[in-house]
Amino acid sequence: MIKKIVLACAVLGSSLSAGGFGDKSLIGVEGGYGSMGIERIAPAEPAANSEHKIGNLGLKIGAESGNYRLFLSGRYFNDSDFDYITTYGVEGQYLFNISKSVNLFLGINGGMANMKFMIDNESFSRTISDAYYGGDVGFNIHAAQSVDVELGTRIMDLQFENRKNSVSYRFDSMVSGYVSVIYKFQMD
């Protein structure tokens with residue numbers, strides 16, 4: 001799956017740049033930390049809510065033109081209660097020029113999330129593969145001519161449910177703060 005994400009990101013980045021959309025091509029590496037809410041619903045038991053703290057690493061590739069940026073992204077989230085949590089999707093951002101060295105950005109995101117986890121006292125794994133959507137906001141700092149540092153907050157509305165043997169797990173929003181280092185370059 002990671003190979004598919006990297007290939008799709010490479011194709012989008014090169015096609016956007018070749019098609020005249022991208023004044024600059026972008027490749028970014030991201031690290032973040034956040035939380036995800038989960039509710040457990042079982043017969044004859046009160047609902048139990050938990051909040052999972054999760055770290056993430058990601059790769060994004062895209063293009064920038066004027067005040068617009070478009071990324072394809074893939075992320076891996078780390079939580080000891082899950083075998084894996086991954087997302088891949090698209091992010092669009094609008095840049096507000098605050099100064100020569102800093103932009104404020106507002107964006108939207110959407111894509112697919114995949115999760116696998118196993119619950120104590122259950123002999124099977126639970127998997128989820130479903131769409132998410134959300135938004136992000138933050139600052140884009142021009143650290144050098146070809147390097148930006150992005151400090152942002154992202155919300156991803158999951159609204160997933162996994163139901164097996166009359167027990168449901170409902171996933172709420174994932175909220176995270178992140179830092180990205182983005183390399184900007186021209187493709188000829």
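Between Ile155 and Ile41, the FRET efficiency estimated from the beta carbon spacing at R0 = 22 angstrom works out to 0.40.
Sparsely packed loop sites in the stretch 87-188 (the chymotrypsin sites (Phe, Trp or Tyr not before Pro) outside DSSP H, G, I, E and B with at most 12 other Cβ atoms within 10 Å) comprise Phe124.
Dimensions of the chain based on its C-alpha atoms, expressed as ranges along the principal axes with the largest first, amount to 61, 32, 21 Å. Helical content alone sets the calculated 222 nm signal of the chain at -3000 deg cm²/dmol, taking -39,500 (n - 2.57) per DSSP H segment of four or more residues and averaging over every residue. Net length available on complete extension from Ser168 to Ala144 is 3.7 nm, with 0.36 nm assigned per residue and the Cα-Cα distance removed. The mean accessible area for residues of the chain, using a 1.4 Å probe and ignoring ligands and nucleic acids, is 52 Å² per residue. Computed from point charges on the beta carbon alone (+1 for Lys and Arg, -1 for Asp and Glu), the dipole magnitude for the stretch 33-188 about its Cα centre is near 240 Debye. Axis angle, to the nearest 10 degrees, between helix 2-18 and the longest C-alpha principal axis of the chain: 30 degrees.
For the stretch 176-187, 3J(HN,Hα) computed residue by residue from phi via the Karplus equation (6.51, -1.76, 1.60; θ = phi - 60°) reads 8, x, 8, 10, 10, 9, 10, 8, 10, 8, 9, 9 Hz, glycine and proline entered as x. Working from label points 7 Å from Cα in the Cα-to-Cβ sense, the Ile108 to Tyr33 distance is 3.2 nm. A dipole drawn for the chain from +1 and -1 charges on Cβ atoms has a positive end, and of Ile182, Ile98, Gly111 the residue lying farthest that way is Ile182.
Of the solvent-accessible surface of the stretch 33-177, computed with a 1.4 Å probe and all protein chains present, 56% belongs to carbon and sulfur.
Counting Lys and Arg as +1 and Asp and Glu as -1, what is the net charge of the other residues whose Cβ lies under 15 Å from the Cβ of Glu51? Charge balance near Glu51 sits at -1.
The values are calculated or read from the model by the stated rules, or taken from the named source; none is laboratory data. Fair warning: this is a prediction, and the values are worked out from it, not measured in the lab. Positions of Cβ are generated from backbone atoms using ideal geometry, with glycine treated the same way; all protein chains shown enter the neighbour counts. Ligands, DNA and RNA are excluded from the accessible area calculation, which covers all protein heavy atoms including side chains. Shrake-Rupley method; radii C 1.70, N 1.55, O 1.52, S 1.80 Å.
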